[in-house]
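The values are calculated or read from the model by the stated rules, or taken from the named source; none is laboratory data. What you see is a predicted model, and the numbers here were worked out from it, not measured in a lab. FYI the Cβ positions are ideal-geometry reconstructions off the backbone, even for glycines, and counts take in every protein chain you see.
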Amino acid sequence: MHGILRCSTPIVAYAVAIALFSSAFSNKSYGQSDSALPPLPELNREFRGVWVATVANIDWPTKPGLSTEEQKSQAIDILDRCQELGLNVIVLQVRTSCDALYRSDLEPWSYYLTGEQGQAPEPMYDPLDFWIEQTHLRGMELHAWFNPYRARNSGQKYTESPNHISNIHPELVKRYGNDKTSYLWLDPGETKSREHTLSVFLDVVKRYDVDGIHIDDYFYPYPIDDIPFPDDPAWEKYLKTGGKLGRDDWRRDQMNQFIKTLYHQIKATKPHVKFGISPFGIWKPGYPASVQGFNQYEKLYADAKLWLNEGWCDYYSPQLYWPIHAKQQSFPALLQWWIGENTKSRTIAPGIFTSRIGDKNRPLSVEQIEDQVFLARTIHGSSGTIHFSMKAIMENREGLSDRLKANTYLTPALTPLAPWLSVEKIPAAKLSLTQKTNPSEPAKVEWEVSNPEAPRRWCVYRLVNDQWECSVVGAKTRSLELENSGDPAKKVRAIAVRGVDGSGALSPASILAIE
């Protein structure tokens, strides 16, 4: 089991489970007033995320055209490392450029998987299904990360497949940039562009057991040489229908309506699926007063402050990619400003640029990254961080992974509570204990609950040597084998189980005492 926590912090009183047992074991049930067992520990709450980028094969797969087995092996290596370090949220990029790293009838297979857009993996498998299964098996969350409007990344030389939207609906796709740097971009001002993108998001929500949907800072493209975005046809249609907004406000309004609609449609489809936004770290220069830099409000037409104020999200991860003591982009000053705008009490977990460790041009040290994790942990109103990206962690740059394991993430953590989510609550589980026919085989504790689809994870506790050892396991895990080492000091005296629902809330505990 991943992540062992030894502690004895009191929490709420626990329920009692009645066990089935063989002659090889005796047991005793303990009520909430019984002091024979130490109280269960309270697990930490912290958003410990990492972005796994697929665009340009940044993190996974490491290059296009790897075999299915190679892709799976690399995914397992990433997830094993995340589990080892105590991370709890994987933010996997599943749509980079109006493509799909999963089986889709709406968009073509991604070039970054197979080396040819529209070509399925061979042998056939569904990468998103695989990632979800393996992530959940390890007790972590899988959030599907989308780029809403980018249709081709800059510098990419592949040919779009016949069913790519640039070929099916060329009137919706604009080329933006110059001779050296250019993108293909779905025009957000076109109603059909927004409808298509919403359909893609909701298709994944409906068909896959994701824990979250995630978007980053790409709304309108970052400006290139101050070239205006070529949306004249959509703008003229807006004016002809009596539109009164100025052009910049109209562009922002397209984004506002998209974010609002997406949030509410996710909740109408699966209320427990979280919606996360990771905007550029500065809303406008001067907010807070010491801050200078890029203006996403004017340049990306992204009113990220409004979205947070309105609560059109479940967690917010502003990209605070600067050092702690940067004079004009202070990490703590920006973090505190975003927290101050969190009027709906959503989860705030800033993005940090972990991959700048070892960067020759804009380096960040391992100590700086670790200090940012600790700052985000200790500033009131902040609830964790997301690392960009997985590559630096896999490479253990400058001992990063060693440091995270040994010093930063010492105990397991559940993601922060999201009490505004309307989800089904979990009753206390029923535990049973059975001994294998062969005495040399370990006994097994199993549990069940009356609404088996409600748990997203389980917290499992083992009482060893008067201390509880805690671990977080996947929802499909419903049993635990009790290995007998022969060492009385390592004897398991009791097992406890608590379910974790879609809002992160814990069920009443069920405890099985073993003597």
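Here are some notes:
- Positions within region 377-392 being more than 16 Å from the chain's Cα centre (by Cα) and part of a helix (DSSP H, G or I), in sequence order: Arg377, Thr378, Lys391, Ala392
- Screening the candidates Tyr220, Tyr176 for the property of being more than 16 Å from Tyr102 (Cβ to Cβ), out of contact with any Gly (no Cβ under 6 Å at 6 or more places or on another chain), aromatic (Phe, Trp, Tyr) and not assigned by TED's automatic domain parsing to the domain that holds Met255 yields one hit, Tyr176.
- Which numbered condition Ala494 misses (of (1) small (Gly, Ala, Ser); (2) within 18 Å of Asp211 (Cβ to Cβ); (3) over 27 Å from the mean Cα position of the chain (by Cα)): (2)
- Restricting region 395-413 to residues that are out of contact with any Ser or Thr (no Cβ under 8 Å at 6 or more places or on another chain), among the aliphatic types (A, V, I, L, M) and outside any strand (DSSP E or B), the residue that is nearest to Asn44 (Cα to Cα) is Leu410.
- Residues within region 193-215 that are assigned to a helix (DSSP H, G or I) and either closer than 16 Å to Ala100 by Cβ or not charged (D, E, K, R) (or both), tallied: 13
- Candidates in region 480-515 are the residues that are of a type in the set (Asp, Glu) and farther than 22 Å from Asn88 by Cβ; of these, the one that is modelled with the lowest pLDDT is Glu515.
- Failed item, numbered, when Ser471 is tested on (1) out of contact with any Ser or Thr (no Cβ under 7 Å at 6 or more places or on another chain); (2) crowded, with 20+ Cβ neighbours inside 10 Å; (3) under 26 Å from Gly212 (Cβ atoms); (4) not hydrophobic (A, V, I, L, M, F, W, C): (2)
Residue by residue, here is whether (1) in contact with a strand residue (DSSP E or B) (Cβ under 7 Å, 6 or more places away or on another chain); (2) surrounded by fewer than 18 Cβ atoms within 10 Å (Cβ to Cβ); (3) at pLDDT below 95 holds:
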{"residue": "Tyr14", "(1), (2), (3)": "yes, no, yes"}
{"residue": "Leu20", "(1), (2), (3)": "yes, yes, yes"}
{"residue": "Lys28", "(1), (2), (3)": "yes, yes, yes"}
{"residue": "Arg48", "(1), (2), (3)": "yes, no, no"}
{"residue": "Lys63", "(1), (2), (3)": "no, yes, no"}
{"residue": "Leu66", "(1), (2), (3)": "no, no, no"}
{"residue": "Ile76", "(1), (2), (3)": "no, yes, no"}
{"residue": "Leu85", "(1), (2), (3)": "no, no, no"}
{"residue": "Ile90", "(1), (2), (3)": "yes, no, no"}
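- Failed item, numbered, when Leu245 is tested on (1) touching a strand residue (DSSP E or B) at 6+ places or on another chain (Cβ under 8 Å); (2) part of a loop (DSSP other than H, G, I, E, B); (3) not polar (S, T, N, Q): (1)
- The set of residues in region 440-471 being closer than 16 Å to Leu482 by Cβ and among the charged types (D, E, K, R) consists of Glu441, Lys444, Glu446, Arg462, Glu469.
- Qualifying residue in region 319-333 (condition: in contact (Cβ under 8 Å) with a residue 60 or more places away in the chain and assigned by TED's automatic domain parsing to the domain that holds Ser389): yes
- Pairs where the first residue, in region 388-399, is within 11 Å of Ala53 (Cβ to Cβ) and at pLDDT 95 or above and the second is assigned to a helix (DSSP H, G or I) and small (Gly, Ala, Ser), C-beta under 7 Å, 6+ apart: Phe388/Ser355; Ser389/Ser355; Lys391/Ser355
- Selection of region 248-270 for residues being loosely packed, with under 15 Cβ neighbours inside 10 Å and either closer than 13 Å to Glu298 by Cα or not assigned by TED's automatic domain parsing to the domain that holds Val204 (or both) yields Asp248, Asp249.
- Only residues that are assigned to a loop (DSSP other than H, G, I, E, B) and closer than 15 Å to Pro221 by Cα were counted in region 145-161, giving 6.
- Condition check for Ser450: of a type in the set (Gly, Ala, Ser) and surrounded by fewer than 16 Cβ atoms within 10 Å (Cβ to Cβ): yes
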